[in-house]
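The values are calculated or read from the model by the stated rules, or taken from the named source; none is laboratory data. Nothing here was measured: the structure is a model prediction, and the numbers come from that model. Every residue, glycine as well, gets a Cβ built from its backbone with ideal geometry; the counts of neighbours run over all protein chains shown.
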Amino acid sequence: MNRTQKGILMATLTPVLWGLMSIPIRTLAPYGIGGQDLAFFRCLAAGLGLLIENMILNRQALRIDFRGLLLCLCYGAFCYATSFTAYALAVKRIPVAVAMVLMFLCPVWVSLLNLLIFRERLRPVNCISIVICLTGAVLVSNLISVRGERLDLLGIICALVNSLGCGLQLIIPRYFEKDYSKDAFMMYGFLGSALILAFITHFETVAGAAAADPGVVISNILFLSVILTFVANTVFVKAANYIDSTLVSIISALEVVVGSMVGLFLYHETMSPSQAFGAVIIVIGALLPNLTLLIGRKNHENFDTSG
């Protein structure tokens, strides 16, 4: 297996794992285990995993001053603790496919935040992408429906909060990259968010559920925390070491496909024609800037080769 094949395999594995995340969340919901409880275990597993990894491979990431710790704590509080909790609430309250699509609005947030924070001018293709994605979001969220029941508003808000948190995961480390490494932000962010969530986590509920049905509860918590969070996120980051990061982001669209299939086949959820159309154009809109960038690079490489 060459480097390109390995990178594509890694980049494909991550969105497939992310698309399965609704399964343990919904499985554990009847046991009374809430979104903040699951977010705690996800943050703790990822934080400890990164701590062990950095102790072995990158000890420099462990060195950080008090200001950096505070920044990482704030970073983790929203980008991980709040975002993960919002994710769990979203997939409980609205169809999985709808939640996945709305969470895929992350590229829109990144473009807007780059404009506001770094004063980066939006390329025409980015402006078109934002308009397409927002139009799709209106259709998917059923906001213009005049008949029938609309989707749960809190579920929609939670899905949007999660997509914003994903965008800030990229923006905040970039803003402070001259002072602190991305590895430090991720590790201390996860550990800090786990510390915050520990104060609101219902450990007695989790312990009672684990005692009543240990096989189901423990296996699903470990699957969600270790495999779908720590392993999936680590593989996603490392995939960019083998293939272009633009291609990695394009392949990540598979999360929407896998999540939609889970909702359709496992939970028998359906989408109206307008919602399905909205889902398609959100994916197209989110991928448009990356596709044009990748095509542009390929054309440039071909031109250089022929020249």
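Residues that are more than 27 Å from Gly296 (Cβ to Cβ) and modelled with pLDDT of 90 or more: list the helices (runs of 4 or more DSSP H) wholly contained in the stretch 196-282 that include at least 3 such residues.
Per the criteria, 203-212, 214-222.
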_Pairs, first surrounded by 14 or more Cβ atoms within 10 Å (Cβ to Cβ) in the stretch 204-226, second in a helix (DSSP H, G or I) and polar (S, T, N, Q), C-beta under 6 Å, six or more apart_ = Asn220/Thr27
*When you scan the stretch 1-21, how many residues do you find that are over 17 Å from Met100 (Cα atoms), part of a loop (DSSP other than H, G, I, E, B) and in contact (Cβ under 8 Å) with a residue 40 or more places away in the chain?*
0
*Can you tell which of Leu57, Leu17, Leu9 is under 30 Å from Ala207 (Cα atoms) and either in contact with a Cys (Cβ under 6 Å, 6 or more places away or on another chain) or surrounded by fewer than 22 Cβ atoms within 10 Å (Cβ to Cβ) (or both)?*
Leu17
_Residue that is nearest to Lys182 (Cα to Cα), among those in the stretch 56-73 that are of a type in the set (A, V, I, L, M, F, W, C) and either within 24 Å of the chain's Cα centre (by Cα) or not in a helix (DSSP H, G or I) (or both)_ = Ala61
*Across the stretch 38-54, which residue is surrounded by the fewest Cβ atoms within 10 Å (Cβ to Cβ) among those that are farther than 18 Å from Leu28 by Cβ and not small (Gly, Ala, Ser)?*
Ile52
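Would you point out which residue out of Thr85, Thr135 is in a helix (DSSP H, G or I), modelled with pLDDT of 80 or more and within 30 Å of Asn220 (Cα to Cα)?
Being in a helix (DSSP H, G or I), modelled with pLDDT of 80 or more and within 30 Å of Asn220 (Cα to Cα) holds for just one of Thr85, Thr135, which is Thr85.
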